[in-house]
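The values are calculated or read from the model by the stated rules, or taken from the named source; none is laboratory data. Note that the coordinates shown come from a computational prediction; the quantities given were computed from them, not determined experimentally. Ideal geometry is used to build each Cβ from the backbone, glycine not excepted, and the neighbour counts take in all protein chains shown.
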């Protein structure tokens, strides 16, 4: 069928003008869009205000869907969750996996303790989370990986705070609204996280960079013989001051010449509750932000 | 006496006598359906990989192709603004890309006024592929080989999904034009 397109208007002058105005408006729209896009690429924080308000308004829907979503992990698991045996199996697998992560974390703590004792005999108390909340949404269409959590400025969330689930690191708070916050997920291509190997025998420090395809690129800091092996667990090293050391990050799935490719331990699709933790070493971050020629202490 | 066929008073949109479509539905159904499609992938599916097709953009394209003339050319700007608030893309990317898509589809329609569904499908497949790639380019992320490869399942899924979306739009269009209002 030939469409009755608005383009072929009529001999009516008024109709012709309105078509022309439509094109002018659409072009203006595209130009304004391009301008805003350029602005927000130069300074990503530029339009955080309207975004935060929009997400605060939409967050109740997210709370409801988060509850519905947690019945199954991802699309495939929720299908298999219909069968009793399948869901039980998945739950057991999850438990075993959790136990493995705990074990690896415990080993990392052990190594950490040994190191600290060797230094000063310092011990660290368990950190109380700023808030425990739900992961209410995540961008599943865009090539960027962001998540939204149901806590904001009112709960004391601040930009830069690490976000973790019971399994491991999810990401870092990027923008804070009054009742929701935007989280840069671990797998985003702009996310970089200092990690180390959770092993008492082998030592390795590396950067975990998101690849944008759901996996993480591990880049070793010391090049040489690659100490990583398939199945190794990587934990946060605490360098940079944002993340507390010893939190599980990723499992090595493929060893490459300059590091490895790893899978994140904490899949956002499988996450329901997350805890926002305080920044580990705020002094280190403010010191890093201070120009070299200024003194840190006032 | 010859009787009028009783079916002649009805059509797919309900009784033709004494009834008219609701102006609210006629106006709101397309727009609300697109806005809902903006929110749907955000809240109901979370994943480590971007494999959900751009539903809102595809919905807009489907409405534009199935019912040309219900949307003015400039509709890409306001709808894109709403999408930008939620999509995680840098602000302005949907405004720019949706506006350009609406202008381009107008030009294509003037060039090929007579089409079949297959041609529509091909058009939308092309548009959606370009949109996904362009959105990834302007996303501000690092454009490496893994990210580009990760886009492929999304593109394939989007192309396969279009007939379903077209059917859905046809259903919504029937709802939109159903004569609910009683004319006195």
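Brief remarks follow.
- Summed over the stretch A:143-166, residues that are within 13 Å of chain B (Cβ to nearest Cβ) and in a loop (DSSP other than H, G, I, E, B) total 5.
- Of residues in the stretch B:82-104 being more than 7 Å from chain A (Cβ to nearest Cβ) and crowded, with 20+ Cβ neighbours inside 10 Å, the one farthest from residue A:212 (Cα to Cα): B:101
- Test result for residue A:189, within 14 Å of chain B (Cβ to nearest Cβ) and in a loop (DSSP other than H, G, I, E, B): yes
- For residue A:88: the one exception among (1) surrounded by 13 or more Cβ atoms within 10 Å (Cβ to Cβ); (2) modelled with pLDDT of 60 or more; (3) farther than 30 Å from residue A:178 by Cβ: (1)
- Residues of the stretch A:167-186 satisfying the condition of being in a strand (DSSP E or B) and farther than 26 Å from residue B:138 by Cβ: A:169
- Verdict on residue B:8 being assigned to a helix (DSSP H, G or I), more than 21 Å from the chain's Cα centre (by Cα) and more than 10 Å from every other protein chain (Cβ to nearest Cβ): yes
- Flag if residue B:80 is under 23 Å from residue A:181 (Cα atoms) and either part of a helix (DSSP H, G or I) or touching a strand residue (DSSP E or B) at 6+ places or on another chain (Cβ under 9 Å) (or both): yes
- Note on the stretch B:131-150: among residues that are touching a residue at least 12 places away in the same chain (Cβ under 8 Å) and more than 7 Å from every other protein chain (Cβ to nearest Cβ), the one that is surrounded by the most Cβ atoms within 10 Å (Cβ to Cβ) is B:131.
- Residues within the stretch A:256-268 that are under 21 Å from residue A:99 (Cβ atoms) and in contact (Cβ under 8 Å) with a residue 60 or more places away in the chain, tallied: 4
- Long-range neighbours under 6 Å by Cβ, at least six apart or interchain, first residue at the interface with chain B (Cβ under 7 Å from one of its Cβ atoms) and more than 19 Å from residue B:37 (Cβ to Cβ) within the stretch A:46-66, second modelled with pLDDT of 80 or more and not in a helix (DSSP H, G or I): A:47/B:91
- When we screen A:183, A:173, A:132 for residues that are in contact (Cβ under 8 Å) with a residue 24 or more places away in the chain and within 14 Å of chain B (Cβ to nearest Cβ), the only hit is A:183.
- Hits in the stretch A:197-218 - residues which are in contact with a helix residue (DSSP H, G or I) (Cβ under 9 Å, 6 or more places away or on another chain), crowded, with 24+ Cβ neighbours inside 10 Å and modelled with pLDDT of 85 or more: A:197
- Just one of the listed residues (A:206, A:250, A:260) is in a strand (DSSP E or B), closer than 27 Å to residue B:153 by Cβ and either more than 18 Å from the chain's Cα centre (by Cα) or more than 14 Å from every other protein chain (Cβ to nearest Cβ) (or both), and it is A:260.
- Count - residues of the stretch A:12-52 that are surrounded by 15 or more Cβ atoms within 10 Å (Cβ to Cβ) and in a helix (DSSP H, G or I): 19
- Checking each residue in the stretch A:135-157 for being more than 20 Å from residue A:47 (Cβ to Cβ) and in contact (Cβ under 8 Å) with a residue 12 or more places away in the chain picks out A:135, A:136, A:150, A:151, A:154, A:155, A:156.
- Note on the stretch B:66-76: residues that are surrounded by fewer than 23 Cβ atoms within 10 Å (Cβ to Cβ), in a helix (DSSP H, G or I) and either under 14 Å from the mean Cα position of the chain (by Cα) or more than 8 Å from chain A (Cβ to nearest Cβ) (or both) amount to 1.
- Residue A:234 satisfies every condition listed in (1) surrounded by fewer than 20 Cβ atoms within 10 Å (Cβ to Cβ); (2) assigned to a strand (DSSP E or B) except (1).
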